[in-house]
Amino acid sequence: MTTWTDHSPERPLALTAPSGIDRAAHHRLDEAWLAAAWSHPTTRVFVVSGGQVLIDETADGRTEIVMTPSFEAPPTESHRYFLGTDEEGVSYFALQKDALPGRMDQSARPAGLREAGLLLSPRDAGLMVHAVALENWQRLHRFCSRCGERTAIAAAGHIRRCAACGAEHYPRTDPAVIMLVTDTKDRALLGRQVHWPEGRFSTLAGFVEPGESIEDSVRREVFEEAGVVVGEVEYVASQPWPFPSSLMLGFRAQATSSEINVDGEEIHEARWFSREELEAGFASGEVLPPYGISIAARLVELWYGKPLPQRQGAF
Ligand SMILES: [Zn+2]
């Protein structure tokens, strides 16, 4: 029996591999500990700005985030995120700034998660996805949702407090379901969103609604977008997707009907593909595979049975 649960250690899903970082949340409210960690000589700091960090290649060809000791970091008190510590006790901080610092050498360059997530080590990818998620949340939650007053950053970037009404606001994560639906002939249902170019097909996806189970969300989204009825739903894997604050919950789903009726609003076109049809589509260039970093690509790949052709460039 095929198991669809995806824990392949040899080829981890981007942004989900164990980073080796202990988030050490118990230190976030300990100002004395944070101050000592910040000024410790081994502490590493990087700047996050607009979802980007500076990345660079090492002499041995690896790609890493450009980090500095705190004494070389640009001055900022208010937008300092404590991200955790590694096994050696090194502390990591991200500074949120309006712009990335000037490039320190010729090869360093700014990169967003969609590009860097595929290049960085699990440690750096984990640090970056944490920092980007916090930055997005901070940027969009400057005012209290209870009373409308301005809120202030606290807990090393993980809380926003409202002095006017005392409310504490925590970073939000929006669950979204993404599913590879197959029919009784083991064909995969792939759709093209309205704003996607001709030929780009991927799994269906959508947000979980209030008061809804994730299994029901899978069934509702597939029916809404493609008119296909889904029976069994099986969890595969998850992926943080902070664009701006999603957590993609990946599923395999079994269709109990095959007629397709696209909604025309989110999905422009949907088709059942056999493996042979998909392979032929890739070969002729008629079908473009999902981007390698996304859990969509992994879900398609698990069904397809071999790696998808790589797409050139970032999103
Ligand atoms: Zn308030």
Exercise for the section: State all residues of segment 218-245 that are in contact with a Phe, Trp or Tyr (Cβ under 8 Å, 6 or more places away or on another chain) and either part of a strand (DSSP E or B) or crowded, with 16+ Cβ neighbours inside 10 Å (or both); if no residue qualifies, say none. Expected result: VAL218, VAL230, VAL233, GLU234, TYR235, VAL236, SER245
Handout entry: Residues of segment 160-200 classified as within 16 Å of the ligand (Cβ to nearest atom) and aromatic (Phe, Trp, Tyr), total
Key = 1
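Yes/no matrix, rows are residues, columns are (1) modelled with pLDDT of 95 or more; (2) out of contact with any Asp or Glu (no Cβ under 8 Å at 6 or more places or on another chain); (3) not hydroxyl-bearing (Ser, Thr, Tyr):
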{"site": "LYS185", "(1), (2), (3)": "yes, yes, yes"}
{"site": "HIS195", "(1), (2), (3)": "no, yes, yes"}
{"site": "ARG220", "(1), (2), (3)": "yes, no, yes"}
{"site": "GLU224", "(1), (2), (3)": "yes, no, yes"}
Exercise for the section: Please identify the pairs in which a residue from segment 10-21 that is over 14 Å from SER238 (Cβ atoms) has its Cβ atom under 7 Å from the Cβ atom of a residue that is part of a loop (DSSP other than H, G, I, E, B) and at pLDDT 90 or above, counting only partners at least 6 apart or on another chain. Expected result: GLY20/ASP86; GLY20/GLU87; ILE21/ASP86
Exercise for the section: Sort through LEU134, LEU189 and tell me the only one that's more than 22 Å from LEU95 (Cβ to Cβ) and crowded, with 16+ Cβ neighbours inside 10 Å. Expected result: LEU189
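Return yes when LEU180 is under 27 Å from LEU15 (Cα atoms) and over 21 Å from the mean Cα position of the chain (by Cα) and no when it is not. Full working, then the answer.
On the way: under 27 Å from LEU15 (Cα atoms): yes; over 21 Å from the mean Cα position of the chain (by Cα): no.
No.
Against the definition (under 21 Å from PRO175 (Cβ atoms), touching a residue at least 40 places away in the same chain (Cβ under 8 Å) and among the aliphatic types (A, V, I, L, M)), how does ALA270 come out, yes or no? Give the steps one after another, and end with the answer.
On the way: under 21 Å from PRO175 (Cβ atoms): no; touching a residue at least 40 places away in the same chain (Cβ under 8 Å): yes; among the aliphatic types (A, V, I, L, M): yes.
Criteria not met by ALA270.
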Handout entry: Qualifying positions in segment 246-260 - touching a helix residue (DSSP H, G or I) at 6+ places or on another chain (Cβ under 7 Å) and either loosely packed, with under 15 Cβ neighbours inside 10 Å or at pLDDT below 95 (or both)
Key = none
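Before we move on, is ARG123 at pLDDT below 95 and either within 28 Å of GLY206 (Cα to Cα) or more than 16 Å from the ligand (Cβ to nearest atom) (or both)?
On the way: at pLDDT below 95: no; either within 28 Å of GLY206 (Cα to Cα) or more than 16 Å from the ligand (Cβ to nearest atom) (or both): yes.
In short, no.
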Practice task
Among residues belonging to segment 57-69 that are at pLDDT below 95 and either acidic (Asp, Glu) or not assigned by TED's automatic domain parsing to the domain that holds SER91 (or both), point out the one that is nearest to ASN136 (Cα to Cα).
Solution key: GLU57
Practice task
Run GLY89 past the list (1) farther than 27 Å from ILE159 by Cβ; (2) part of a loop (DSSP other than H, G, I, E, B); (3) of a type outside the set (S, T, N, Q) and report the number of the one that doesn't hold.
Solution key: (1)
Handout entry: Residues (exposed (fewer than 13 other Cβ atoms within 10 Å of the Cβ) and under 26 Å from the mean Cα position of the chain (by Cα)) located in segment 46-76
Key = THR58, GLY61, ARG62
Handout entry: Hey, ARG146 basic (Lys, Arg), more than 16 Å from the ligand (Cβ to nearest atom) and outside the structural domain of ILE293 (by TED's automatic domain parsing) or not
Key = no
Problem - Scope segment 288-306; condition touching a helix residue (DSSP H, G or I) at 6+ places or on another chain (Cβ under 9 Å) and either at pLDDT 95 or above or within 18 Å of GLU234 (Cα to Cα) (or both); matching residues - result: VAL300, TRP303, TYR304, GLY305
Practice task
Take the residues in segment 48-66 that are in a loop (DSSP other than H, G, I, E, B) and of a type outside the set (A, V, I, L, M, F, W, C), then tell me which one is nearest to GLY126 (Cα to Cα).
Solution key: GLY51
Exercise for the section: Please give the number of the condition VAL287 fails out of (1) closer than 18 Å to THR16 by Cα; (2) more than 18 Å from the chain's Cα centre (by Cα); (3) not polar (S, T, N, Q). Expected result: (1)
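The values are calculated or read from the model by the stated rules, or taken from the named source; none is laboratory data. Please read all numbers here as calculations on a predicted model, not as lab measurements. Every residue, glycine as well, gets a Cβ built from its backbone with ideal geometry; the counts of neighbours run over all protein chains shown.
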